[in-house]
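Reviewing the structure listed below.
Values in this text are rule-based calculations from the coordinates and carry no lab data. What you see is a predicted model, and the numbers here were worked out from it, not measured in a lab. Every residue, glycine as well, gets a Cβ built from its backbone with ideal geometry; the counts of neighbours run over all protein chains shown.
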Amino acid sequence: MTSRKLGLALALALATGTALADPSPAKKALIDRIVALQQQGMAESLAANIVQGPISQVTQAGRSALQQLPADKREATAKAMDVELKKFIEENVPYLKDKISKALPTTSSALLDERFNEDELKQILAWAESPVSQKFGMMTVELQKAVAQKVMAEAGPTLDGRFKTLNANLAKQLGLNAPAGASAPKAATPAPAPKK
């Protein structure tokens with residue numbers, strides 16, 4: 001029983017010692033450079049992504065509810081909703097960006113130290129700092145926009161019809177009168193492939 005406790009204590013001490021060990025100065029310098037590169041774009045995009053998920057749900061629910069209002073109140077209500085959503089984004093994206101900027105260095109440093117050796121970190125930096133990597137990153141953003149535009153140009157009419165059907169079905173299930181011209185929001189998530 002005593003040897004079991006001693007073994008457990010030794011294992012705990014070794015695990016704690018390993019977890020608390022600092023990287024070498026050379027490895028820490030590499031990690032710091034990678035973290036600096038990550039911070040350039042990650043805080044902004046991550047903050048926007050965190051806010052965008054709930055905003056999309058609220059917007060979609062709001063647009064559906066908006067269709068249940070009398071026609072003469074829809075436009076003013078939609079504008080008021082847009083003001084509230086914009087205000088929410090303007091207040092919360094910078095708030096989250098600040099929190100992410102503070103959490104990223106320690107979190108990223110720990111993961112980089114744990115998962116990569118010094119040689120691997122040098123390879124990551126060589127790629128990340130190369131002009132080809134930066135050019136590829138810019139092209140990826142442009143590609144995402146181009147694909148989204150092409151898909152929405154082709155699938156938009158189909159999605160619009162499907163959203164009209166969805167709104168009508170939901171309104172029917174809720175016992176509400178379905179609006180005659182209800183349509184999809186401009187930015188919609190893709191639905192299953194259209195039937196041929």
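Expressed in nm to one decimal, what extension gain is obtained for the pair residue 136 and residue 160 from 0.36 nm per residue of sequence separation less their Cα-Cα distance?
5.3 nm is the gain from fully extending residue 136 to residue 160.
Could you work out the equivalent-ellipsoid semi-axes for the stretch 34-79, taking the square root of 5 times each eigenvalue of the Cα gyration tensor, largest first, in whole Å?
Values: eigenvalues 278, 18, 3 Å².
So the three semi-axes of the stretch 34-79 are 37, 10, 4 Å.
Sorting 25-34, 70-79, 152-161 by average packing, meaning the other beta carbons within 10 Å per residue, from highest down gives 25-34, 152-161, 70-79. Given their separation in residues at 0.36 nm each and the Cα-Cα distance between them, residue 92 and residue 33 gain 18.4 nm when the chain is fully extended.
Geometric descriptor of the stretch 111-165, per residue, is 108 Å³ (volume of the convex hull of the Cα atoms).
Across the stretch 49-175, the volume of the C-alpha convex hull divided among the residues equals 178 Å³ per residue. Assuming R0 = 25 Å, what is the FRET efficiency of residue 128 and residue 22, from their Cβ-Cβ distance, to the nearest 0.05? Computed FRET efficiency for residue 128 and residue 22: 0.60.
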